[in-house]
Amino acid sequence: MKQMHPLQQQAFATEMAAAKTRLHAGQREAAMAHLERAHVIGQAHVGPHVQTHGWMLKIEWQRRRLRAVA
């Protein structure tokens, strides 16, 4: 399986860290924006792609947006 380019890895890690920081601060909308960017960066790679979906699911569950979860 093809590895992510180092610049992609760095950008992905930066967006994921920012998303987690925002989420822990209770800023779900801002966290979701960072996750959406991380999703685009990592979408060609299974691990990062699944990771972003997991965090997005967590936020939608917290929002009680069950349609988004289903």
Under the 0.36 nm per residue contour assumption, what length would be gained going from the current alpha-carbon distance of residue 9 and residue 67 to full extension? 17.8 nm
Helix-only CD estimate at 222 nm, as mean residue ellipticity for the chain, using -39500 (n - 2.57) per DSSP H run (n ≥ 4): -26000 deg cm²/dmol
Contour minus Cα-Cα span, residue 17 to residue 43, at 0.36 nm per residue, comes to 7.7 nm
Projecting each Cα onto the charge dipole of the chain (Lys/Arg +1, Asp/Glu -1 at the beta carbon, about the Cα centre), which of 47, 19, 6 comes out farthest on the positive side? 19
With the radius of gyration and the Kirkwood radius both derived from the Cα set of the chain, what is their ratio Rg to Rh? 1.00
Label point distance in nm, residue 36-residue 24, each placed 7 Å from Cα along Cα→Cβ: 2.4 nm
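No value in this document is a laboratory result; all are computed from the given coordinates. Owing to the predicted nature of the structure, the values given are computational and were not obtained by experimental measurement. Here the Cβ is made from the backbone with ideal geometry for all residues, glycine too, and neighbour counts use every protein chain on show.
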